[in-house]
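Written below as structure tokens is the structure these notes are about.
The values are calculated or read from the model by the stated rules, or taken from the named source; none is laboratory data. The model shown is predicted, which means the values in this text are computed figures rather than measured ones. Backbone-built Cβ (ideal geometry, glycine too); neighbour counts: all protein chains shown. SASA here: full protein model, heavy atoms, side chains in, ligands and nucleic acids out. Shrake-Rupley method; radii C 1.70, N 1.55, O 1.52, S 1.80 Å.
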Amino acid sequence: MRYLIRRLGFYLLAAWAALTLNFFLPRLMPGDPATALFARFRGRLGPEAMQALRETFGLTEASLVSQYLTYLGSVFRGDLGISIAYFPSPVADVIGTGLVWTIFLAGTALVVSFTIGTLLGIVAAWWRRGWVDNVLPSSLVFLGAFPYFWLAMVALYILGFSLGWFPLGHAYGDDLTPGFTAVFLADVVRHAALPVGTVVLATLGGWLLSMRNTMIAVLGSDYVNLARAKGLQPSRVVLRYAARNALLPSVTGFGMALGFVLGGSLLTEIVFSYPGEGYLLVQAVRNQDFPLMQGIFLVITLAVLGANWLVDLVYLWLDPRTRDSVS
Amino acid sequence: MTKPLLDIRDLCVDYVTPHGPVRAVDRVSLEVKPGEILGIAGESGSGKTTLAQALLRILPPPAVISGGEVWFEGSDILALDEPELRAMRWRRMSMVFQSAMDALNPVVTIGEQIVDTLRAHGGSTPRSARARAGELLETVGIPRDRIDGYAHQLSGGMRQRVGIALALALEPALIILDEPITALDVIVEREILEQIRVLQRRLGFAVLFITHDLARMLQVSDRVAVFYAARLAEVAPAAALRRAPRHPYTQGLLRAFPTVHPGGEEPESIPGSPPSLRNPPPGCRFHPRCDRAVDKCRELTPELRPLGAGHFGACHLAE
Ligand SMILES: Nc1ncnc2c1ncn2[C@@H]1O[C@H](COP(=O)(O)OP(=O)(O)OP(=O)(O)O)[C@@H](O)[C@H]1O
Ligand SMILES: [Mg+2]
């Protein structure tokens, strides 16, 4: 318990550091950021937008300390300023919609890839030199060696463009209104199939190999041999004794991948014009939408921290040794 | 004469390596009678663990059983299929592993590891299995409330006891103890041996007791088999072996353990080291270290032959 609180304290500290960095970065830009920004947007932005920008950065006449406090206050209220690219939507709202799609897309891809890869790893290790073990690891690693961008483009070209089996982009058809209807959900799944499928294909090999290799080591351990000697059913030996232990390193990997879900799906979202966080980031850069960029960076940082904390929790639950060494 | 419980005939086990097979058990024939304690002594690497694992058919790759028969309670273990093996394992023959440190699953409670064994062999409810697990822990001197603990929370000695509790769980006819005491200090060692003996007298199981501590073994065992480089050098009742060892290797081993002869001469280790199994010497494998070796020893492999009441030796020079 003490350990968890200590870890939580650490993450809070890290989050605070990220917030502070986020506050100071624009102020570290050469010259006066306000003037620079205003100059850049003069003529293109109305006075309300200017005002919004000014408020976002807290670039008022107040002292740095009071600016900082104002900034912290608005972040805690979920107020990240007004987006320029999507004027006049608040950054929080823009990020919010993108977040939902990214978490759905990359989260699904990660969970599917992790689950299938881990299961295949167990199978490959258990039936060592069986066909799964002979064929899958090498071919998946081969696939994973291609640049993801290229793989995604090829899939999009052949399956989407030439054969027309899948839509070419976006999260759902333009003619549908979002809602929890069967038609809409089915369309969302159809749109997600290619992006999720390509990510799964590109990352499956890693999960498979990692699980397979740990599993092979664990299968040679004394406790697995003892489990066999006890006359247990093979399924129990494999799952409860071998896989349960071999899973631990993969869980760490899963946690790290979870942290990179938000930042890591950039390429996927660009190729498939998917309205997620990565796509927003590109839009933000293209339009020099600094409030949006800042907001996205902040959310990504917090997501990494949150995912790490989650892994801490899961690990405590999975490995009794960590429970004792830390209490 | 009582029918043997376990009858090993010409058993051979090879480790198949890229450089050719390494024979770790070479034409070993042994019997264990019901309720008997048979000690197996031998230096590190002589093939004791390999033999034990062959009996339960749990040899890890690349080991393969390349010959012989193992008769146990009326069936040849080497001919059993997987379901038959599962039924035999632990219910009729169990084992305490050499490395108590690594033999328990680190992420599953001790209780569950006993309970799953009981339940795998049927006839117990979760509740009764748990009660029995607590009982077993108490039998070996571990407080019942440790049942929900994990291996890492126990000392080496306690883990060894959990291993023994586990081996007793189904009251098998034969328990293999693979160096159950090597990792322990003298006091714990004595306690555990005492406990095993008490339990053995009460429950009447037979024991295959593996160790390289010959002195300790002679105190505990009814009969002793001495291994040298994958082969049997001598098999004899413990008393006979202590009084009149016939194989020069056994004689050397006894001289190396001063406790066998209290107040006797200084311990004196056998010169040289055991041969590599990859490339063993021809003839008698002990001849390079034997001060009485003659030409015959260098050329001809000595077979295990009777040398008196229940006494067998594989030495050309023994009468
Ligand atoms: N995987 C392997 N590949 C090749 N040879 C092996 C392998 N495992 C064991 N051996 C060989 O088999 C022989 C017997 O090993 P075993 O573990 O049975 O010895 P032991 O008598 O139990 O020794 P100890 O007293 O150290 O436990 C050793 O000489 C070892 O070199
Ligand atoms: Mg051994």
Flagged in region B:41-57 as modelled with pLDDT under 95 and more than 8 Å from ligand 1 (Cβ to nearest atom), in numbering order, are B:A41
When you look at B:C284, is it surrounded by 13 or more Cβ atoms within 10 Å (Cβ to Cβ) and within 19 Å of B:G45 (Cβ to Cβ), yes or no?
yes
What pairs come out if I take residues in region B:133-147 that are modelled with pLDDT under 95 and pair them with residues that are assigned to a loop (DSSP other than H, G, I, E, B) and crowded, with 20+ Cβ neighbours inside 10 Å whose C-beta lies under 6 Å away, six or more apart or interchain?
B:L136/B:A169
Out of curiosity, is B:A24 at negative phi and at the interface with chain A (Cβ under 8 Å from one of its Cβ atoms)?
no
Kindly check whether there is at least one residue in region A:241-258 that is within 14 Å of another protein chain (Cβ to nearest Cβ), surrounded by 23 or more Cβ atoms within 10 Å (Cβ to Cβ) and among the aromatic types (F, W, Y).
yes
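Pull up region A:208-240, narrow it to residues that are among the β-branched types (V, I, T) and under 19 Å from B:P62 (Cα atoms), then point me to the one that is nearest to the other protein chains (Cβ to nearest Cβ).
Out of the qualifying residues, it is A:V224.
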State which residue pairs qualify: first residue farther than 19 Å from A:F166 by Cα and inside region A:195-209, second residue open to solvent by 20 Å² or more (accessible area, probe 1.4 Å) in any location, beta carbons under 6 Å apart, and separation of 6 or more residues or different chains.
A:G205/A:V141; A:G205/A:G144; A:W207/A:F114; A:L208/A:L120
Filtering region B:176-197 down to residues that are open to solvent by less than 70 Å² (accessible area, probe 1.4 Å) and more than 16 Å from ligand 2 (Cβ to nearest atom) yields B:V188, B:E189, B:I192, B:L193, B:Q195, B:I196, B:R197
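For region B:119-143, which residues satisfy the criterion of being within 19 Å of B:Q160 (Cα to Cα) and in a helix (DSSP H, G or I)?
Matches in region B:119-143: B:R132, B:A133, B:G134, B:E135, B:L136, B:L137, B:E138, B:T139.
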Of all residues in region B:21-73, which are of a type in the set (V, I, T) and either within 13 Å of ligand 2 (Cβ to nearest atom) or within 26 Å of B:A215 (Cβ to Cβ) (or both)?
B:V25, B:V28, B:V32, B:I37, B:I40, B:T49, B:T50
Tell me the helices (runs of 4 or more DSSP H) entirely within region B:155-252 that contain at least 2 residues that are within 15 Å of ligand 1 (Cβ to nearest atom) and more than 14 Å from chain A (Cβ to nearest Cβ).
B:214-220
Quick one: B:V226 ticks every box in (1) in contact with a Leu (Cβ under 9 Å, 6 or more places away or on another chain); (2) surrounded by fewer than 22 Cβ atoms within 10 Å (Cβ to Cβ); (3) modelled with pLDDT of 85 or more; (4) not charged (D, E, K, R) bar one, so which box is it?
(2)
Determine whether region B:55-68 contains at least one residue that is within 13 Å of another protein chain (Cβ to nearest Cβ), crowded, with 16+ Cβ neighbours inside 10 Å, touching a residue at least 24 places away in the same chain (Cβ under 8 Å) and part of a helix (DSSP H, G or I).
yes
From (1) open to solvent by less than 10 Å² (accessible area, probe 1.4 Å); (2) within 10 Å of chain B (Cβ to nearest Cβ), pick out the condition that doesn't hold for A:A307.
(2)
When A:G9 is evaluated against the numbered criteria (1) open to solvent by 40 Å² or more (accessible area, probe 1.4 Å); (2) of a type outside the set (A, V, I, L, M, F, W, C); (3) modelled with pLDDT of 85 or more, which criterion, by number, is the only one it fails?
(1)
For region B:144-154 the number of residues that are of a type outside the set (A, V, I, L, M, F, W, C) and assigned to a loop (DSSP other than H, G, I, E, B) is 2
Scan of region B:118-146 for residues that are open to solvent by less than 20 Å² (accessible area, probe 1.4 Å) and more than 14 Å from every other protein chain (Cβ to nearest Cβ), ordered by number
B:G134, B:L137, B:V140, B:I142
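Of the residues B:R242, B:R216, which is over 20 Å from B:E319 (Cβ atoms) and of a type in the set (K, R)? Explain how you work it out, then say what you get.
Numbers: B:R242 fails: over 20 Å from B:E319 (Cβ atoms).
One residue alone meets the criteria, B:R216.
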Restricting region B:73-99 to residues that are more than 9 Å from every other protein chain (Cβ to nearest Cβ) and in a loop (DSSP other than H, G, I, E, B), the residue that is least open to solvent (accessible area, probe 1.4 Å):
B:L80
Please state which of the following conditions A:D175 fails to meet, knowing it meets all the rest: (1) touching a Phe, Trp or Tyr at 6+ places or on another chain (Cβ under 7 Å); (2) open to solvent by 40 Å² or more (accessible area, probe 1.4 Å); (3) more than 20 Å from A:I270 (Cα to Cα).
(1)
Tally time: how many residues in region A:210-227 are in contact (Cβ under 8 Å) with a residue 24 or more places away in the chain and of a type in the set (A, V, I, L, M, F, W, C)?
6
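One line per residue, one yes/no per condition, for (1) open to solvent by less than 50 Å² (accessible area, probe 1.4 Å); (2) within 16 Å of ligand 1 (Cβ to nearest atom); (3) in contact (Cβ under 8 Å) with a residue 40 or more places away in the chain:
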{"position": "B:T2", "(1), (2), (3)": "no, no, no"}
{"position": "B:I8", "(1), (2), (3)": "yes, yes, yes"}
{"position": "B:D26", "(1), (2), (3)": "yes, yes, yes"}
{"position": "B:E36", "(1), (2), (3)": "yes, no, yes"}
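Yes/no matrix, rows are residues, columns are (1) in contact with a helix residue (DSSP H, G or I) (Cβ under 6 Å, 6 or more places away or on another chain); (2) more than 14 Å from chain B (Cβ to nearest Cβ); (3) not in a helix (DSSP H, G or I):
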{"site": "A:V285", "(1), (2), (3)": "no, yes, no"}
{"site": "A:L292", "(1), (2), (3)": "yes, yes, no"}
{"site": "A:F297", "(1), (2), (3)": "no, yes, no"}
{"site": "A:I300", "(1), (2), (3)": "yes, yes, no"}
{"site": "A:V311", "(1), (2), (3)": "yes, yes, no"}
{"site": "A:W317", "(1), (2), (3)": "no, no, no"}
{"site": "A:R321", "(1), (2), (3)": "yes, no, no"}
Tell me, yes or no, whether region A:157-164 has at least one residue that is farther than 20 Å from A:S210 by Cβ and surrounded by 14 or more Cβ atoms within 10 Å (Cβ to Cβ).
yes
